[in-house]
Amino acid sequence: MDGVVARDGRAASRFALLAASSRLLLMPPIRPLSPELVNQIAAGEVIERPASVVKELAENSLDAGARRIDIEVEQGGMRLIRVRDDGAGIAADELPLALAPHATSKIASFDDLTRVASMGFRGEALASIASVSRMSIASRRAADAQGARIENGTTRPAAHPVGTSIEVRDLFHAVPARRKFLRSDRTEFGHIDELVRSLALARPEVEFRLVHNGRPIRMLKPAADEAAQLQRAGELLGDAFAQACLRIDHAAAGLALRGWIGLPTASRAQADQQYFHVNGRLVRDKSVAHAVRQAYEDVLYHGRHPAFVLFLELDPAGVDVNVHPAKREVRFRDARLVHDFLYHALHDAVAHTRAGESAATPAPAGAGSAGAGYPAVPFRQFGLGVREAPADPYAALLGRRDASTMAEPLRMPEPEAGEAPPLGYALAQLAGIYILAENAQGLVLVDMHAAHERVTYEKLKAARDANQVRSQHLLVPEAIAVSEREAAAAEEYAEILAAYGMELDRSGPRQVTARRIPALLDGADAAQLARDVLAELAEHGNSRKLEELQNELLSTMACHGSVRAHRRLTIPEMNALLREMEATERSGQCNHGRPTWTQLSVAELDKLFLRGR
């Protein structure tokens with residue numbers, strides 16, 4: 001018992017000692033931090049790794065109007081980072097100020113801060129970098145007879161061409177703890193290379209050169225026109241992107257979006273080729289990611305990610321770029337407007353793609369017709385939804401009297417210029433699965449089930465939209481517990497919910513009552529459906545959950561209503577399906593994102609058979 005008391009006494013003494021220590025920790029007086037410590041704290045926010053240094057210096061070069069930027073690094077940027085540009089340069093007497101904290105030429109008043117149009121503006125970068133490395137700056141303006149160099153706090157004259165050169169050596173030598181968190185030279189250089197790619201995509205008019213350990217890595221010449229810009233994108237992201245992308249050029253409501261988005265069939269396993277720039281600044285934003293994901297939802301294979309290079313331009317007053325020290329994130333003043341603008345621009349671009357169209361070009365103005373340059377054929381509904389001409393208009397073309405038999409050889413006439421449709425004319429069926437057709441480029445192969453599934457699915461969606469969304473009253477209204485924010489969203493977006501056939505009444509601070517749901521979703525879990533929809537409305541100001549669930553049901557119906565594998569099709573049926581594909585939105589992919597067709601050119605066929613060798 002005495003031992004227990006003793007142990008309790010020792011514990012009490014230790015507690016009293018800790019309490020006294022904690023009081024002592026609060027006792028020191030408030031005092032200002034030293035400038036060196038302030039700069040190192042700022043460096044911890046701005047300078048995470050060598051790529052952060054390259055970013056700050058290259059962005060300063062762009063703000064200076066540089067047309068060429070040379071970036072040289074050694075050991076992944078740990079030993080040396082040298083950035084040279086041909087921009088406006090810095091006056092000799094301003095070089096000490098350039099290294100002073102919160103000194104900048106880019107803003108002068110609060111009004112400037114609300115309309116930031118430059119890449120950098122805080123005035124922290126150079127001072128922060130200098131506090132954790134050995135840095136020197138050499139620069140000359142066009143109006144100056146000679147340049148100047150500042151190093152170790154001393155400024156002296158120096159020979160230098162017009163522009164600025166900044167050398168950063170031994171990064172984090174003053175804070176070795178930070179150095180321990182860096183990765184291998186190869187990994188750190190990979191981050192630098194990724195940064196340069198982003199800058200080169202955003203500023204195609206600027207020449208970029210990147211050298212690592214004396215070896216040239218990137219030598220990117222200026223890209224003056226759209227073709228050269230797409231070529232630069234292909235050089236940076238791969239030829240596969242340049243050959244399978246759509247050009248975006250859309251403006252509305254004071255917003256302008258341009259760039260390229262990859263076709264759904266060119267999606268990637270990772271989100272590693274997604275570049276979104278706001279007024280020339282590469283950013284990450286949840287609302288943007290959500291808009292892109294929704295735009296691709298109906299065509300992208302499960303678990304895949306689209307590739308894109310997009311540039312959003314808007315009034316600088318409409319976006320706050322001062323929310324992150326490294327300027328990686330922004331805050332839109334009207335996030336819902338931006339989200340909806342992006343969604344509609346990308347959704348429409350993807351929707352207007354049709355099988356047979358070439359990539360990297362806008363969709364045709366007459367999208368939706370049977371095609372241009374060849375006559376439309378009157379069809380009647382037949383079989384499992386494949387449409388066939390009533391009297392076989394292809395009989396003469398195929399050189400036979402009976403289109404339902406293959407007894408006579410097929411003799412395809414030479415098509416006149418501009419006459420052949422994009423997917424050509426059917427030749428035969430392979431393995432009961434694929435349609436073989438010939439067009440002006442060569443051989444077309446079509447997965448008939450996947451193609452007809454998309455055609456049927458789009459027709460079902462059009463029929464649903466034409467009849468509007470019908471709703472189904474719940475036999476017993478269901479009270480659903482939600483968050484206070486979600487309950488408020490039910491009130492605010494009641495009209496949007498009603499348009500999709502859903503009625504949710506707020507019945508308490510954290511409760512809603514479901515009274516109606518869409519008829520297509522009869523039998524669905526009303527409570528879970530309401531929570532999902534309200535969560536999206538509260539987060540993004542809109543929700544496509546109802547439409548997504550309806551589309552899933554229609555997709556299932558389309559799958560069961562489409563021609564099955566190994567069903568023998570006649571030549572007219574095959575041609576009818578090809579024409580349907582050319583007139584149907586998103587027909588290049590089935591409902592699950594898989595490709596419905598592919599093209600083999602004559603040159604590719606010649607290569608297979610070694611012709612001309």
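Based on every Cα atom in segment 264-315, Rg and the maximum pairwise Cα distance Dmax equal 11.5, 36 Å.
A simple packing score, the average count of other Cβ atoms within 10 Å per residue, orders the peptides 438-451, 487-500 as 438-451, 487-500, with the highest score first.
Database remark: amide H of THR596 closer than 5 angstrom to the amide H of GLN589, CYS590 (H placed geometrically; neighbours at sequence offset of 5 or more, or on other chains; Pro and chain starts carry no H).
Ellipsoid fit via the Cα gyration tensor, segment 144-230: semi-axes of 28, 25, 10 Å, each the root of five times an eigenvalue, largest first.
When you count the other C-beta atoms within 10 angstrom of each residue and take the mean per peptide, 78-87, 297-306, 576-585 line up highest first as 576-585, 78-87, 297-306.
One chain, two ends: ALA462 and ALA481. Fully extended at 0.36 nm per residue, the span grows by 3.4 nm beyond their Cα-Cα distance. If you model segment 165-317 as an ellipsoid using its alpha carbon gyration tensor, with each semi-axis the square root of five times an eigenvalue, the axes come out at 30, 19, 18 Å, biggest first. Dividing the convex hull volume of the alpha carbon atoms of segment 271-352 by its residue count gives 94 Å³ per residue.
Go ahead and run the numbers for FRET between ARG79 and ALA240, Cβ-Cβ distance against an R0 of 30 Å, rounding to 0.05. With a Förster radius of 30 Å, E is 0.30. Stokes-Einstein diffusion for segment 36-219 at 10 °C, viscosity 1.306 mPa s, with a Kirkwood radius from C-alpha pairs, works out to 96 µm²/s.
Label separation (SER507 vs GLN231): 6.7 nm, computed from points 7 Å beyond Cα along the C-beta direction.
Placing a label point 7 Å from the Cα of ARG594 along the Cα-to-Cβ line, the residues of segment 447-468 whose backbone N sits under 15 Å from it are 447-455. Peptide packing for 125-134, 66-75, 522-531 was compared via the average number of neighbouring C-beta atoms within 10 Å per residue; ordered from the highest value, the list is 125-134, 66-75, 522-531.
Among the trypsin sites (Lys or Arg not before Pro) in segment 140-183, those located in a DSSP loop and surrounded by at most 13 other Cβ atoms within 10 Å of their own Cβ are LYS180, ARG183.
In what order do MET502, MET219 fall by count of nearby beta-carbon atoms within 10 Å, going from fewest to most? If you can, show how the numbers build up before the last one.
Values: MET502 26, MET219 11.
Fewest-to-most ranking of MET502, MET219: MET219, MET502.
No lab work stands behind these numbers, since they all come straight from the coordinates. Predicted model only: the values in this text are computed from it and were never measured. Methodologically, a virtual Cβ is constructed for each residue, glycine included, from the backbone with ideal geometry; neighbour enumeration extends over all protein chains shown.
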